1. If we count every other residue with Cβ under 11 angstrom of TYR116's Cβ, Lys/Arg +1 and Asp/Glu -1, where does the sum land?
2. Test of understanding: what is the full-extension gain from ARG91 to VAL213, defined as 0.36 nm times their sequence separation minus their Cα-Cα distance?
3. Simple spin-label model, 7 Å along Cα-to-Cβ: ASN271 to ARG56 in nm?
4. At 1.4 Å probe size, put SER78, SER150, SER39, SER166 in order of accessible surface, largest to smallest.
5. Please work out which option in [x] 17.9, 53; [y] 20.9, 64; [z] 18.6, 60 gives Rg and Dmax of the Cα atoms in Å calculated from these coordinates, and answer with its label.
6. When DSSP assigns beta bridges and you keep just the ones with both residues in the chain, what percent turn out antiparallel, to the nearest 5?
7. If amide H atoms are built 1.01 Å from N in the plane of the peptide, which residues on other chains or at least 5 residues away come under 5 Å of the amide H of ARG46?
8. Let me check against my output: what whole-number percent is the relative contact order of the chain, with C-alpha pairs under 8 Å and at least 6 apart?
Amino acid sequence: MKKKKLIVIDLDGTALHDHASIHPETKRALMKAKDDGHSVVIATGRPARGSLNFYRELGLDTPIINFNGAYMHAPGDSNFEEVVEQISLDRAMDIFNSPIREDLVNAVCEYKDHLYILKRDESLTSWMWMDEVDSITYGDFQETLDRNPSGFILQAKPGREQQVMSYLREHFSDIVACRNWSDGYQNIIEVFKHDINKGTALAILAERLGFHVEDIIVFGDGDNDIEMLTFAGTGVAMGNALEELKAIADAHALSNKEGGIAHYLYEHVLNP
């Protein structure tokens with residue numbers, strides 16, 4: 001009998017073949033993995049509200065990693081000890097009161113599914129799953145932000161994203177790290193606690209679930225997957241992954257649009 005695996009999947013660009021749907025072959029393979037006794041875990045940069053529909057679609061009962069490791073929880077399990085990493089309110093305000101303020105169009109602070117948004121703007125919030133939030137507060141963070149956030153989303157002025165990130169890295173690297181998005185969202189900057197990532201969360205989760213590193217298989221496509229691919233016994237880069245991720249991966253799969261996770265699992269993990 002094959003040893004049971006902890007199978008960890010990113011969503012966008014990995015398990016999803018578009019931003020709204022799990023690839024049907026990937027879905028079948030992951031559900032087969034569950035039936036065979038393996039554990040399937042989602043690890044995503046998305047908030048809970050943007051990922052729990054896929055969690056339910058796959059019929060998962062494992063913990064889920066959100067916000068790139070800043071939030072780990074087990075939906076429906078009140079006994080699970082959540083991990084909620086936060087940036088201190090004082091230091092968050094230091095960041096927003098710094099010179100980067102002049103280079104921002106808008107900003108969002110997030111704690112679980114509570115949002116604090118600098119300005120009302122549908123162009124920013126249309127893709128933030130606003131219908132599922134627990135609360136939304138608009139206005140200057142000096143007046144509205146009343147808790148330590150888990151992270152920020154910054155909307156930089158066109159062409160100023162690199163200047164914003166350079167300033168954060170020069171002056172606040174002891175507090176936060178940052179990355180900017182792609183695919184038409186280059187001016188969107190994600191800011192998160194400097195020592196937290198999917199890999200740190202996965203290490204905690206693996207210990208709690210009783211999996212050894214060599215029994216962990218991770219699938220990813222982006223730079224926010226680097227740490228968890230490095231941590232896992234087998235890190236698999238999708239065919240559409242960044243070249244940086246492919247270079248450090250233990251194995252490669254077909255692209256997300258080709259159901260790469262399914263093909264890999266059927267070849268290497270699943271019982272016939």
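The values are calculated or read from the model by the stated rules, or taken from the named source; none is laboratory data. Bear in mind that the values here come from a model prediction, so they are computed numbers and not experimental data. As a convention, Cβ positions derive from the backbone with ideal geometry for all residues, glycine included, and neighbour counts pool all protein chains shown. The protein model used for the area step is the full one, side chains on, heavy atoms only, and it has no ligands, DNA or RNA in it. Shrake-Rupley method; radii C 1.70, N 1.55, O 1.52, S 1.80 Å.
1. Details: positive: ARG147; negative: GLU110, ASP140, GLU143, ASP146.
Net charge around TYR116: -3.
2. On the way: separation 122, 0.36 × 122 = 43.92 nm, distance 3.47 nm.
Length gained between ARG91 and VAL213: 40.4 nm.
3. 3.1 nm
4. Numbers: SER78 115, SER150 5, SER39 30, SER166 65 Å².
Final ranking, largest accessible area leading: SER78, SER166, SER39, SER150.
5. The value matching this structure is [z].
6. On the way: 26 of 45 bridges.
About 60 percent, rounded to the nearest 5.
7. Long-range HN contacts for ARG46: PHE67, ASN68.
8. On the way: 539 pairs, mean separation 58.6, N = 272.
Relative contact order, the chain: 22 percent.
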